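The values are calculated or read from the model by the stated rules, or taken from the named source; none is laboratory data. Predicted model only: the values in this text are computed from it and were never measured. We place every Cβ from the backbone using ideal geometry, glycine too, and count neighbours over all the protein chains shown.
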């Protein structure tokens with residue numbers, strides 16, 4: 001799949017999230033939407049499945065989610081009838097906790113390997129097996145300094161087109177969307193690969 005990124009972003013500047021999704025689906029034969037069921041994930045999942053109900057929804061479950069996140073995931077999967085595909089790390093969390101003595105601190109040399117095992121490796125395995133040509137994600141430019149350098153349409157290192165329909169939205173916009181469509185939100189989310197919300201975990205910097 002080949003897209004002129006500059007032309008695509010110029011075309012989509014100022015478009016609504018719904019218009020961005022419609023454009024992206026028209027370009028794609030094998031689209032995929034990813035989720036980790038963090039706060040506001042119901043927005044991207046509802047937005048995309050309203051136009052393509054059977055789209056594959058990839059969830060890389062690290063095994064370290066909170067009980068609240070797992071309950072939220074089940075609720076959203078049922079409410080939106082998601083075509084969920086779950087990938088998990090090759091090692092159980094219990095075994096890793098013994099070998100690494102829990103979740104390594106951010107400045108521990110083991111933390112990079114921890115992140116590779118629980119997030120990057122299963123995600124790369126999923127992309128290799130599912131073979132999407134387009135990847136919908138929920139990143140927004142106001143989340144991190146790195147994301148401010150991105151745009152609505154980018155490309156992964158493997159050439160998968162990445163589309164972020166929520167890129168220019170604020171949390172207030174997302175709150176309004178959730179309220180308008182009667183969607184739940186998750187506030188007790190924990191990502192073991194990130195110490196701060198403003199820190200990248202590697203998914204969008206390395207893939």
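Scanning segment 68-92 for residues that are out of contact with any helix residue (DSSP H, G or I) (no Cβ under 8 Å at 6 or more places or on another chain) and modelled with pLDDT under 95 returns a single hit, 92. Taken together, the criteria exclude residue 123 from residues that are within 24 Å of residue 61 (Cα to Cα), under 13 Å from the mean Cα position of the chain (by Cα) and in a loop (DSSP other than H, G, I, E, B).
Okay, residues lined up against (1) touching a helix residue (DSSP H, G or I) at 6+ places or on another chain (Cβ under 8 Å); (2) surrounded by 14 or more Cβ atoms within 10 Å (Cβ to Cβ); (3) within 25 Å of residue 170 (Cβ to Cβ):
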| site | (1), (2), (3) |
| --- | --- |
| 12 | yes, yes, yes |
| 33 | yes, yes, yes |
| 43 | yes, yes, yes |
| 53 | no, no, no |
| 64 | yes, yes, no |
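Rundown of residues vs (1) touching a residue at least 60 places away in the same chain (Cβ under 8 Å); (2) farther than 19 Å from residue 185 by Cα; (3) loosely packed, with under 14 Cβ neighbours inside 10 Å, yes/no style:
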{"position": "70", "(1), (2), (3)": "no, no, yes"}
{"position": "80", "(1), (2), (3)": "no, no, no"}
{"position": "84", "(1), (2), (3)": "no, no, no"}
{"position": "90", "(1), (2), (3)": "no, yes, yes"}
{"position": "103", "(1), (2), (3)": "yes, yes, no"}
{"position": "121", "(1), (2), (3)": "no, yes, no"}
{"position": "128", "(1), (2), (3)": "no, yes, yes"}
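If you go through segment 50-86 and keep only what is touching a strand residue (DSSP E or B) at 6+ places or on another chain (Cβ under 9 Å), under 23 Å from residue 133 (Cβ atoms) and assigned to a loop (DSSP other than H, G, I, E, B), you end up with 52, 53, 54, 55, 82.
Apart from one condition, residue 128 fits all of (1) part of a loop (DSSP other than H, G, I, E, B); (2) closer than 25 Å to residue 52 by Cα; (3) modelled with pLDDT under 95; the exception is (1). When the residues of segment 155-202 are filtered to those that are farther than 25 Å from residue 12 by Cβ and at pLDDT 95 or above, which remaining residue is nearest to the chain's Cα centre (by Cα)? Among those residues, the one meeting the criterion is 185.
Of the residues 27, 18, which single one is surrounded by fewer than 20 Cβ atoms within 10 Å (Cβ to Cβ) and under 18 Å from the mean Cα position of the chain (by Cα)? Give the derivation first.
Working: 27 fails: under 18 Å from the mean Cα position of the chain (by Cα).
Every option except 18 fails the conditions.
Condition check: free of Cβ contacts under 8 Å to residues at least 12 places away in the same chain, part of a helix (DSSP H, G or I) and within 19 Å of residue 169 (Cβ to Cβ). Does residue 19 satisfy that? For residue 19, the condition - free of Cβ contacts under 8 Å to residues at least 12 places away in the same chain, part of a helix (DSSP H, G or I) and within 19 Å of residue 169 (Cβ to Cβ) - is met.
For the structure I just gave you, tell me whether residue 5 is touching a strand residue (DSSP E or B) at 6+ places or on another chain (Cβ under 7 Å) and either surrounded by 15 or more Cβ atoms within 10 Å (Cβ to Cβ) or closer than 30 Å to residue 115 by Cα (or both). Even if it seems obvious, please write down each step before you answer.
Working: touching a strand residue (DSSP E or B) at 6+ places or on another chain (Cβ under 7 Å): yes; either surrounded by 15 or more Cβ atoms within 10 Å (Cβ to Cβ) or closer than 30 Å to residue 115 by Cα (or both): yes.
When the stated conditions are applied, residue 5 passes them.
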